[in-house]
1. Enumerate the pairs (first residue in region 80-93 and without any contact (Cβ under 8 Å) to a residue 24 or more places away in the chain and under 12 Å from residue 108 (Cβ atoms); second residue anywhere and surrounded by 16 or more Cβ atoms within 10 Å (Cβ to Cβ) and not basic (Lys, Arg)) with beta-carbon separation below 9 Å, excluding pairs fewer than 6 apart on the same chain, so at least 6 apart or on different chains.
2. Go over the candidates 135, 73, 125, 150 one by one and state the one that is within 26 Å of residue 208 (Cα to Cα) and either out of contact with any strand residue (DSSP E or B) (no Cβ under 6 Å at 6 or more places or on another chain) or among the polar types (S, T, N, Q) (or both).
3. Name the single residue, out of those in region 76-97 being under 20 Å from residue 214 (Cβ atoms) and out of contact with any Lys or Arg (no Cβ under 8 Å at 6 or more places or on another chain), that is nearest to the ligand (Cβ to nearest atom).
4. Do we have residue 53 as among the hydrophobic types (A, V, I, L, M, F, W, C), surrounded by fewer than 24 Cβ atoms within 10 Å (Cβ to Cβ) and away from the ligand (no atom under 14 Å from the Cβ) here?
5. Looking at (1) at pLDDT 95 or above; (2) within 23 Å of residue 256 (Cα to Cα); (3) within 16 Å of the ligand (Cβ to nearest atom), can you tell me which one residue 110 breaks?
6. When you scan region 132-150, do you find a residue that is more than 23 Å from residue 195 (Cβ to Cβ), surrounded by fewer than 20 Cβ atoms within 10 Å (Cβ to Cβ), in contact (Cβ under 8 Å) with a residue 24 or more places away in the chain and not small (Gly, Ala, Ser), even just one?
Amino acid sequence: MRLSCGRYTLNLERPLIMGIVNVTADSFSGDGHARAGLTAALQHAEQLLSEGADMLDIGGESSRPGAEPVSEAEELARVVPLVEALRNCGVPLSVDTVKPTVMRAAITAGADLINDIAALQAEGALEAVAASNVAVCLMHMQGTPGTMQADPQYGDVVAEVTHFLAGRVAIAEAAGIARERIMLDPGFGFGKRLEHNATLFKALPQLQHFDLPLLVGVSRKSMLGQITGRDVSERMPASIAAAMLAVQQGAHIIRVHDVAATKDALAVLSALGGS
Ligand code: YH5
């Protein structure tokens with residue numbers, strides 16, 4: 001399996017680690033100088049690269065349940081300088097955004113992948129990606145980040161997620177985004193209770209039927225807190241276990257906070273595991 005990803009063609013025969021880089025503090029002070037948020041994010045990115053991240057996912061707007069929305073200007077100010085600073089870091093750069101203006105600016109600045117939790121449903125998002133050669137991750141979400149965890153409801157969660165993703169793939173292809181540029185993500189925690197997440201997780205092999213790369217993001221999420229009773233600061237072991245299971249179930253790319261630990265676990269899985 002391969003993914004055409006901006007300046008890169010990724011070979012997905014081995015699982016790849018996507019390291020999470022959040023730029024969430026304000027990037028600019030009143031006098032226009034970059035502030036702590038940007039410097040901290042750049043340092044964090046460099047740390048993840050030194051730990052062996054295969055790609056970085058840069059996000060300027062938190063999509064955690066109930067998080068505050070960020071203005072377009074603020075998101076641009078957070079994301080674009082970071083992409084520019086990292087564009088020659090040697091690995092593909094993903095940008096986690098739902099905003100077409102941010103997509104276009106990030107692509108111009110050097111992004112190779114748009115990671116859109118809204119699966120290009122915003123007005124102008126399909127066109128922003130189609131006009132480039134970057135890859136896109138199409139993710140399933142029920143509702144919006146502000147309210148998605150209030151009362152998620154499904155008849156058949158696997159059927160609904162599969163149906164949604166199939167529709168978005170068809171729309172993306174019709175808009176001119178080649179299949180080679182598309183990957184899929186069931187969106188763990190996005191409008192899903194623990195039972196929905198567990199059902200979907202066990203159904204990951206069924207999502208192989210798209211014959212598209214699968215991205216899985218479970219690192220530190222509430223579902224792991226519910227399973228273990230641990231606070232977010234103590235969820236690394238649970239995150240590693242879930243990431244290894246995801247890979248065994250067919251995930252090609254795992255989106256994680258803890259790159260070094262995940263890399264060790266993947267090495268053990270590769271040496272001693274089934275695949
Ligand atoms: C994802 O799954 N997730 S942002 C709450 C947490 C910890 C982490 C309560 N962007 C995904 O990581 N993009 C996010 O603790 C994503 N797939 C893709 N493609 C949410 C997140 C998180 C939320």
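1. Going by the 9 Å Cβ cut-off, the qualifying pairs are 87/93; 87/109; 87/110; 87/111.
2. Working: 135 fails: either out of contact with any strand residue (DSSP E or B) (no Cβ under 6 Å at 6 or more places or on another chain) or among the polar types (S, T, N, Q) (or both); 73 fails: within 26 Å of residue 208 (Cα to Cα); 150 fails: within 26 Å of residue 208 (Cα to Cα).
Testing whether each residue is within 26 Å of residue 208 (Cα to Cα) and either out of contact with any strand residue (DSSP E or B) (no Cβ under 6 Å at 6 or more places or on another chain) or among the polar types (S, T, N, Q) (or both) leaves just 125.
3. Restricting to residues being under 20 Å from residue 214 (Cβ atoms) and out of contact with any Lys or Arg (no Cβ under 8 Å at 6 or more places or on another chain), the top hit is 96.
4. Values: among the hydrophobic types (A, V, I, L, M, F, W, C): yes; surrounded by fewer than 24 Cβ atoms within 10 Å (Cβ to Cβ): no; away from the ligand (no atom under 14 Å from the Cβ): yes.
Here the answer is no, as residue 53 does not meet what is asked.
5. Every condition holds for residue 110 apart from (3).
6. Within region 132-150, one or more residues are more than 23 Å from residue 195 (Cβ to Cβ), surrounded by fewer than 20 Cβ atoms within 10 Å (Cβ to Cβ), in contact (Cβ under 8 Å) with a residue 24 or more places away in the chain and not small (Gly, Ala, Ser).
The values are calculated or read from the model by the stated rules, or taken from the named source; none is laboratory data. From a predicted model like this one, the values you see are computed outputs, not experimental measurements. Using ideal geometry, Cβ is built from the backbone for each residue, glycine included, and neighbour counts are taken over all protein chains shown.
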